[in-house]
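Participant: Please find one structure pasted underneath; my questions will follow.
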Amino acid sequence: MSGTLPIFAFEIRYQLRRPTFWLIAGLFFTIGLVDMVSNASQGNAFFFVNSPAQIFQTTLWYSIFSILAASAFVAETFVRDTTYRMESLILSTPVQKRDYLITRFAAALSITLIAITCYLPGMLLGTLMPGLNPYALGPFRVDGYLASYLLIALPNVLLVSALAFAIAARTRSLAIAFAGSIVLVMLYLAALMMVGADTINYQQYPVWAMLDPFGFYAFESNILTWTVFENNTLMPELGGLLIWNRLLWSAIALTLLTLSYSTYKMQPKGEKRKLSPKGNRSKTSATRSVRSRAKSHSDAPVSPFAIPPSSLIATTKQTLHRTLFEIRTILHGRAFWLLTAFGLISLVMAAMGSQSFNYSNPSTDILIHSANIYLDYILFAIIMVYSAELVWRDRTLRLQSVIDATPISNAVLLLSKLFALFAIITFNLLLAMVILIIYQLISGYTNFEIPLYFQMLFGEHGPYFYLTATLALFTQVLTRNKYAGMGLVMLLSLSHIPLDALGLYHNLYRWANTNDIEYSPMNGYGHLFTGHLWYSLYWGVFGAILTLAAYLLWPRGVQGKRRWRQIWSSAGVRVKQLLGALVIAWVAVGSWIFYNTTIVNAYQPPGKEETAAELERRFKQHENLPMPVVTDTQVTVELYPDQRYFQAAGGRAPVTWRGENNVVYDLN
């Protein structure tokens, strides 16, 4: 016991000194605050945003984000020694296995819980903010906060942390630990699709509710038949499927911890490889990789901040060469194929879940609509992981100083990583198309509509993910902290929550948003796709500005952070001219969109309509007044969706007035 407390205290102090802890704690506090303020400001007319049932559901959503915290604290704890080449030194001391593993895990778990718990004061403060709709708030229920934390947040954080520990202790890789934790999200998505996105499959509901690692559907089973009044006033039942689900996944978490502890070898990972022929092959492969990397940095000399016209061809060749190198590096990583496998499974589940939409055929538009869950979770996770991995890989391998010493342009280093991300996104979108086509073929549906696949995947959904990749690289360069960059991307992706609370709905300042478009088998996208393209152009130009800013901010050497004035003065004339042209183009496109959406056409922001309950209270006094009733119509309507008009012809429709005592008067 003598070494347990000092090790535990050291780990706690170490994590508290890291900016990552305060960033993640601030992230959860901010999410809890703005989510509560946004929901209460909109004035949900049916459910209290702070009722016990709603607190449970909100806690469930927040616990999914604990994957990021577990990777930042738990996985980092067991990768740190390998990263800083301290593992051999530490393991050569008489440190006990219990202290090295269990004590450090307990400290990392404690820090993770502290960071995540910050959502609670955020939610509580949100209910006290001024200007909230009084009809959206109920009485303070401490039992709701306490029960949801003990039954939802605590077991979910334990599960995610145990999985991160098991993977990190075995692989010594943060990327693989984060990717492996996504399996929990995949199981949740599988439960979502198999339970039914539109109509609930009651026969399979108990099975998938138990397989949901976060307990969402197990909890839903206890309130599925509740009325609005019951949702607002009652405490959810804490038994039934919910308690069994919690016991099951808590037992799985403890089993993971036990197996990881019993199988862990107190020796450096590198030594194990040296003792086996396989390890020698791995070492040879790694040596070849380093030689290949060194060769890739020995191209023609290029200035870091200016590209002479004579070297443009050489720079292009360097960018292509390094892009292919970055793609090969990603494809050789186990984390990529692990995430890809999860993506394949979630796509199949999404396609199978499309049967719940009550449509007769698995048409292209319906399948892609169901695949949105894959795009929103798995592809977003891939972008988050590899934007950080590409930027920080060279520093982790201690090659950054060597690369900085070479005369290679910052543009080559940045664009090669950006193009590699674009290639991975394109690969995943094409993979989604192939999987969905195979599903259509198996289902006996042969109207594949390949052009529609490309239009929906690359035209409708693609711009958001390419722009998010650009943003993710920029935030990594700007913050110079892996988890701060990932957290900033997540905050910007969730920025619609505080913007909704502030009544700011225009797509000009909502990240990568475009106008609402929906595909119709009769009319396609109609005229709406034109507006989507204008918004995509607007955000695409902004993405180019972010890329150029990342080029200027790219860390080079060990001189530390530079002032903005130094960065601007070191930039070449062409860079400044290009930046100015991009800003002018961005403002011009934005002005054109603003003119068409606000001046030419009256702008009606969403979310401003009165809620149903407020309308009912306002017009309740007129409930028994007589109203006109149309009893028959004789109208011929011709629709011309391509030209956006219709023609209607017919006689006068008979109109009647239903008066007192149900007497009908003819008003014609």
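Participant: Out of the residues in the range 442-454 that are without any contact (Cβ under 8 Å) to a residue 24 or more places away in the chain and either closer than 11 Å to Ser363 by Cβ or assigned to a helix (DSSP H, G or I) (or both), which is least open to solvent (accessible area, probe 1.4 Å)?
Facilitator: Within the range 442-454, the match that is least open to solvent (accessible area, probe 1.4 Å) is Ile450.
Participant: Restricting attention to the range 129-179, report how many residues are charged (D, E, K, R), more than 24 Å from Phe336 (Cβ to Cβ) and not in a helix (DSSP H, G or I).
Facilitator: Here the count works out to 1.
Participant: Condition first: within 22 Å of Phe427 (Cβ to Cβ) and charged (D, E, K, R). Can you find one or more residues in the range 444-451 that meet it?
Facilitator: Within the range 444-451, one or more residues are within 22 Å of Phe427 (Cβ to Cβ) and charged (D, E, K, R).
Participant: Moving on to the next point. Just to check your reading of the model, which residue among Tyr149, Tyr119, Tyr84 is more than 24 Å from Ala251 (Cα to Cα) and within 26 Å of the chain's Cα centre (by Cα)?
Facilitator: Exactly one residue qualifies, and that residue is Tyr119.
Participant: Which of (1) at pLDDT 85 or above; (2) among the β-branched types (Val, Ile, Thr); (3) not in a helix (DSSP H, G or I) does Val558 not meet, given it meets every other one?
Facilitator: Looking at each condition in turn, Val558 falls short on (1).
Participant: For the range 544-555, check the following and say yes or no: at least one residue is open to solvent by 20 Å² or more (accessible area, probe 1.4 Å), among the small types (Gly, Ala, Ser) and closer than 30 Å to Arg644 by Cβ.
Facilitator: no
Participant: Another question, then. Determine, yes or no, whether Arg617 is surrounded by 10 or more Cβ atoms within 10 Å (Cβ to Cβ), out of contact with any Asp or Glu (no Cβ under 7 Å at 6 or more places or on another chain) and at pLDDT 65 or above.
Facilitator: yes
Participant: Now a separate question. Scan Leu478, Leu467, Leu457, Leu491 and give me the residue that is closer than 12 Å to Phe380 by Cα and hydrophobic (A, V, I, L, M, F, W, C).
Facilitator: Just one listed residue meets the conditions, Leu467.
Participant: Within the bounds of the range 64-76, is there any residue that is open to solvent by less than 30 Å² (accessible area, probe 1.4 Å), in a loop (DSSP other than H, G, I, E, B) and touching a helix residue (DSSP H, G or I) at 6+ places or on another chain (Cβ under 8 Å)?
Facilitator: No, the range 64-76 has no match at all.
Participant: Taking the range 173-183 as the region of interest, how many residues are farther than 14 Å from Val74 by Cβ and more than 14 Å from the chain's Cα centre (by Cα)?
Facilitator: 2
Participant: If you go through the range 230-241, how many residues are in a helix (DSSP H, G or I), touching a helix residue (DSSP H, G or I) at 6+ places or on another chain (Cβ under 7 Å) and within 14 Å of Gly144 (Cβ to Cβ)?
Facilitator: 1
Participant: When you look at Leu23, is it of a type in the set (A, V, I, L, M), assigned to a helix (DSSP H, G or I), farther than 22 Å from Met490 by Cβ and at pLDDT 80 or above, yes or no?
Facilitator: No.
Participant: Next question, about the same structure. Restricting attention to the range 377-433, and to residues there that are basic (Lys, Arg) and in a helix (DSSP H, G or I), which single residue is least open to solvent (accessible area, probe 1.4 Å)?
Facilitator: Here the residue is Lys417.
Matching residues to (1) among the aromatic types (Phe, Trp, Tyr); (2) closer than 20 Å to Met123 by Cα:
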| site | (1), (2) |
| --- | --- |
| Gly462 | no, no |
| Tyr466 | yes, no |
| Thr475 | no, no |
| Leu478 | no, no |
| Asn481 | no, no |
| Gly485 | no, no |
| Val489 | no, no |
| Leu492 | no, yes |
| Leu502 | no, yes |
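Participant: Now, a different point. Any residue that is among the acidic types (Asp, Glu) and outside any helix (DSSP H, G or I) - is there at least one of those in the range 481-500?
Facilitator: no
Participant: Could you please give the count of residues in the range 137-152 that are small (Gly, Ala, Ser) and surrounded by 22 or more Cβ atoms within 10 Å (Cβ to Cβ)?
Facilitator: 1
Participant: Looking only at residues that are outside any helix (DSSP H, G or I) and within 12 Å of Arg170 (Cβ to Cβ) in the range 253-275, which one is modelled with the highest pLDDT?
Facilitator: Checking each candidate, the answer is Tyr264.
Participant: Within the range 244-264, track down each residue that is under 23 Å from Tyr202 (Cα atoms) and free of Cβ contacts under 8 Å to residues at least 12 places away in the same chain.
Facilitator: Scanning the range 244-264 gives a single hit, Leu247.
Participant: Continuing with the same structure: Give the range 182-215 a look and list any residue that's open to solvent by less than 30 Å² (accessible area, probe 1.4 Å), more than 24 Å from Ile366 (Cα to Cα), modelled with pLDDT of 80 or more and part of a helix (DSSP H, G or I), or say none.
Facilitator: Once the filter is applied, which keeps residues that are open to solvent by less than 30 Å² (accessible area, probe 1.4 Å), more than 24 Å from Ile366 (Cα to Cα), modelled with pLDDT of 80 or more and part of a helix (DSSP H, G or I), the range 182-215 yields Leu184, Ala209.
Participant: Within the range 359-369, can one find any residue that is touching an Asp or Glu at 6+ places or on another chain (Cβ under 6 Å), modelled with pLDDT of 80 or more, open to solvent by less than 20 Å² (accessible area, probe 1.4 Å) and not in a loop (DSSP other than H, G, I, E, B)?
Facilitator: Checked against the condition, which is being touching an Asp or Glu at 6+ places or on another chain (Cβ under 6 Å), modelled with pLDDT of 80 or more, open to solvent by less than 20 Å² (accessible area, probe 1.4 Å) and not in a loop (DSSP other than H, G, I, E, B), the range 359-369 yields at least one hit.
Participant: Here is a further query. Exactly one condition in (1) outside any helix (DSSP H, G or I); (2) over 16 Å from Ile7 (Cβ atoms) is false for Thr58; which is it?
Facilitator: All conditions are met except number (1).
Participant: Moving to a separate point now. Scanning the range 495-521 for residues that are under 15 Å from the mean Cα position of the chain (by Cα) and surrounded by fewer than 17 Cβ atoms within 10 Å (Cβ to Cβ), which turns out nearest to Ala115 (Cα to Cα)?
Facilitator: Per the stated criteria, the residue is Ser495.
Participant: Restricting attention to the range 85-122, which residues are assigned to a loop (DSSP other than H, G, I, E, B) and modelled with pLDDT under 90?
Facilitator: Those that are assigned to a loop (DSSP other than H, G, I, E, B) and modelled with pLDDT under 90: Arg85, Met86, Ser92, Thr93, Pro94, Val95, Gln96.
The values are calculated or read from the model by the stated rules, or taken from the named source; none is laboratory data. All values derive from a computational prediction rather than experimental measurement. Ideal geometry is used to build each Cβ from the backbone, glycine not excepted, and the neighbour counts take in all protein chains shown. Note: areas computed on protein heavy atoms with side chains; ligands, DNA, RNA excluded. Shrake-Rupley method; radii C 1.70, N 1.55, O 1.52, S 1.80 Å.
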